[in-house]
Amino acid sequence: MNWGTELWDQYDNIAAHTQRGIDFLEKCGHFIKERCAIEVEYAARLRRLVKSYHPKKKEEDEYQLTSCRAFVLMMNEINDLAGQHEVIAENLASVVIKGIGTFVKELKEERKRHLQEGSKLQNNLQTSYFQLDKTKRSYEKAFREAEKAQENYQKADADLNLSRAEVEKARNLSTMRLRQCEDSKNEYASQLQKTNDLQTEHYTKLIPDVFLHLQTMDENRIEQLQYYIIQSAEIERKVGPIVNQCLDGITKAANLIDPKEDSRLVVEKFKSGFQPPNDIPFEDLSNAKNGSVGFGGNGGGGGGGGSDSGSNGPMSISTIRSESLTLKGTLSSSKLKKRDRKSVV
């Protein structure tokens, strides 16, 4: 479809449409610019997040576990992902935003040039219309004056009371008016021919050429918009392999997590090396005076003071105390001392 032939009488609408097209392209450029700002901000916030969660020196011991090491590796990959968002922003700014900005400037200048040419052609046609109207009004005035002069001459020629000189004067005036009318008529006819020729050329060649240039410009604008949209996608697609590597790195880090190994590391870190304490024996206070403590199973036969403190024999308070000290958090030293005092009594 050709704007020059299909829209020959739509100068104002074409001018408005091309302006809206440039405004829209500029709007797309602003969108990409704001997206770049978001990408940069997102990358910066990711880096700050990783930094704030990175283990401090005092926490290094806790990060010996496989789950903690995987978390650190994951944060490293996310930090690399932040870098890819920065790459996207940089490339969008250098390729898309800069390109659109330059192209918009060129479009505005080209549109202005074409519209100035169209405005000049419109003014020329309007001037011709004005000149045609002027010559037509001049012809109409001359025609009326010629008719009136002719009527006056006819009246004078028929009036027998007028002298020959007066009749001749009326005739000469009529002849002059007729000649002026003919001259005005010829001038009007000539101007009409010029105006018609200019109008035909204006609507069949001059303005269509201007509209065709504007159409070409507008179609070029649309093609460039298509190009920059594709470029935006390609810029992001180019970082895809690196992004995928980062994601693979996160998955690899997660696969390093070993719950059993973490359990082993916990045992290795906190194991005391001590054995669990023996059973606490029953203290028979009735035998306390003999300086020994018998098991409840020996009843009142508390005379075994000379026997060894075996597994089935009686145990002294000092022996109990010695074994009890191997416990952690079971019996306090104060309680043990109190028990010693009772044994002495």
Take the alpha carbon atoms of region 152-175, find their center, do the same for region 221-292, and report the distance between the two centers in whole angstrom. 128 Å
Averaged per residue, what accessible surface does region 13-159 expose to a 1.4 Å probe, in Å²? 65 Å²
Between THR216 and ILE38, what FRET efficiency comes out of the Förster formula 1/(1 + (r/R0)^6) with R0 = 41 Å and r the beta carbon distance, rounded to 0.05? 0.70
Only four residue types carry charge here, +1 at the Cβ of Lys and Arg and -1 at the Cβ of Asp and Glu. Report the dipole size of region 18-69 about the Cα centre in Debye, rounded to the nearest 20. 100 debye
Once phi for every residue in region 131-140 is put through the Karplus expression 6.51 cos²θ - 1.76 cosθ + 1.60 (θ = phi - 60°), the whole-Hz ³J(HN,Hα) values, with Gly and Pro written as x, are 5, 5, 4, 5, 5, 5, 5, 5, 5, 4
So, taking all protein chains as they sit and a 1.4 Å probe, how much accessible area belongs to CYS246, in Å² rounded to tens? 10 Å²
Which Cα, out of GLN84, GLN131, VAL72, lies furthest along the positive dipole direction of region 71-135 (beta carbon charges, K/R +1, D/E -1)? GLN131
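Rounded, prolate or oblate: pick one for region 1-61, where a ≥ b ≥ c are the square roots of the eigenvalues of its C-alpha gyration tensor, a/c under 1.5 means rounded, and failing that, prolate if a/b is larger than b/c, else oblate. Present the calculation step by step, with values, prior to reporting the outcome.
Working: a/c = 14.23, a/b = 6.88, b/c = 2.07.
Since a/c reaches 1.5 and a/b is larger than b/c, the shape of region 1-61 is classed as prolate.
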If you average the sequence gap of Cα pairs under 8 Å that are 6 or more apart and divide by the length of region 5-112, what percent do you get for the contact order? 46 percent
Residue-level accessible surface for THR18, protein heavy atoms, 1.4 Å, Å²: 0 Å²
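Relative contact order for region 64-189: what is it in percent, counting Cα pairs under 8 Å that are at least 6 residues apart? Before the final figure, lay out each step's value.
On the way: 45 pairs, mean separation 32.0, N = 126.
Averaging sequence separation for qualifying contacts and normalising by length gives 25 percent for region 64-189.
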Please report the net charge: other residues with Cβ closer than 14 Å to the Cβ of LYS33, K and R +1, D and E -1. -2
In region 206-261, chymotrypsin sites (Phe, Trp or Tyr not before Pro) in a DSSP loop with at most 11 other beta-carbon atoms within 10 Å: none
Which links in LYS108/LYS205; LYS112/LYS141; LYS112/LYS205; LYS108/LYS194; LYS33/LYS108 stretch past 31 Å when you go from one Cα to the other? LYS112/LYS141; LYS108/LYS194
Quick note, region 1-105: a/c under 1.5 would make it rounded; otherwise a/b > b/c is prolate and the rest oblate (a ≥ b ≥ c, C-alpha gyration tensor); here it is prolate
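The values are calculated or read from the model by the stated rules, or taken from the named source; none is laboratory data. Just so it is clear, the model here is predicted, and its values are computed rather than measured. Every residue, glycine as well, gets a Cβ built from its backbone with ideal geometry; the counts of neighbours run over all protein chains shown. Remember, those area values only see protein heavy atoms, side chains included, never the ligands or the DNA or RNA. Shrake-Rupley method; radii C 1.70, N 1.55, O 1.52, S 1.80 Å.
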